[in-house]
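Colleague: Sharing a structure below in structure tokens format, with a few things to ask.
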Amino acid sequence: MERTLVIIKPDGVQRGLIGPLVTRLERRGLRIVALKMMHIGEALARQHYAVHEGKPFYEPLVEYISSGPVVLMVIEGDGVVHMVRQTVGATDPAKAAPGTIRGDFGLSIGRNLIHASDAPETGKQEVALFFEDDELLSYQRDNDRWIFEQ
């Protein structure tokens, strides 16, 4: 069972889009197994974005993600990383398809509302960075039989 980390970034929180963005993910049929709000400190931001260290956008990215509160979610399911990435849309909202979160709500790459893990292994690492095992709740939903073929 795959897990992916989703972060509603400070721009999504400040714009009052927490509800609509969570709703988009749930309406897709995705199962949220953890959810919390926090302020990401600079050290944790640097650890999270370490793969981008040395790139021109690294410092502004660290500064931005730690500039205000965020909402973090863990979503679980078969092939969930790909499904969430499709729902979120391209990193650059100008290139994101209509109907995706970034395509419908985003306007600039530096304020693209939401983060989603880019691969199953990255999802494992990112989830472990922000959540303890006892914060993750695996469960079955009664409506899963109407969403997934058994």
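Colleague: Add -39500 (n - 2.57) for each DSSP H run of 4 or more in the chain, then divide by its residues: what number comes out at 222 nm, to the nearest 500 deg cm²/dmol?
Modeller: Calculated at 222 nm, the ellipticity per residue is -10000 deg cm²/dmol.
Colleague: Another question about this same structure. How high is the relative contact order of the chain, in percent, counting Cα pairs under 8 Å that sit 6 or more residues apart?
Modeller: Averaging sequence separation for qualifying contacts and normalising by length gives 36 percent for the chain.
Colleague: If packing is taken as the mean number of other Cβ atoms within 10 Å per residue, what is the order of 2-10, 121-129, 33-41, 84-92, highest first?
Modeller: Ranked by mean Cβ neighbours within 10 Å, highest first: 2-10, 84-92, 121-129, 33-41.
Colleague: Enumerate lysine pairs in the chain that are 8 or more residues apart or on different chains, then count those whose Cα atoms are under 23 Å apart.
Modeller: Count of close lysine pairs: 6.
Colleague: Can you list, bin by bin at 5 Å, the percent of alpha carbon pairs in region 99-150, starting at 0?
Modeller: P(r) over region 99-150, rounded to whole percents: 4, 14, 13, 12, 20, 24, 10, 3, 0.
Colleague: Could you state the orientation-averaged shadow area of the convex hull built on the Cα atoms of region 20-150, in nm² to one decimal?
Modeller: That works out to 8.6 nm², a quarter of the Cα hull's surface.
Colleague: Which value in Å does the Kirkwood hydrodynamic radius of region 1-51 take, with 1/r averaged over all unlike C-alpha pairs and then inverted?
Modeller: Mean inverse Cα-Cα distance, inverted, gives 12.7 Å.
Colleague: Let me ask you something else. Which listed residue (Val33, Val13, His115) has the Cα farthest towards the positive end of the charge dipole for the chain, taking +1 on Lys and Arg C-beta and -1 on Asp and Glu C-beta about the Cα centre?
Modeller: Val13
Colleague: In nm, to one decimal, how far is the modelled label at Asp134 from the one at Leu107, with both set 7 Å along Cα→Cβ?
Modeller: Between Asp134 and Leu107, the label points sit 4.5 nm apart.
Colleague: Which one, Phe130, Phe57, Phe105, has the greatest fluctuation when you compute a Gaussian network model over the chain with C-alpha springs under 10 angstrom?
Modeller: Looking only at Phe130, Phe57, Phe105, the largest GNM fluctuation is found for Phe57.
The numbers here are math on the coordinates, done by the rules we state, and not lab data. Remember, predicted model here, so these are calculated numbers, not experimental data. Cβ: placed from backbone, ideal geometry, glycine included. Neighbour counts: every protein chain shown.
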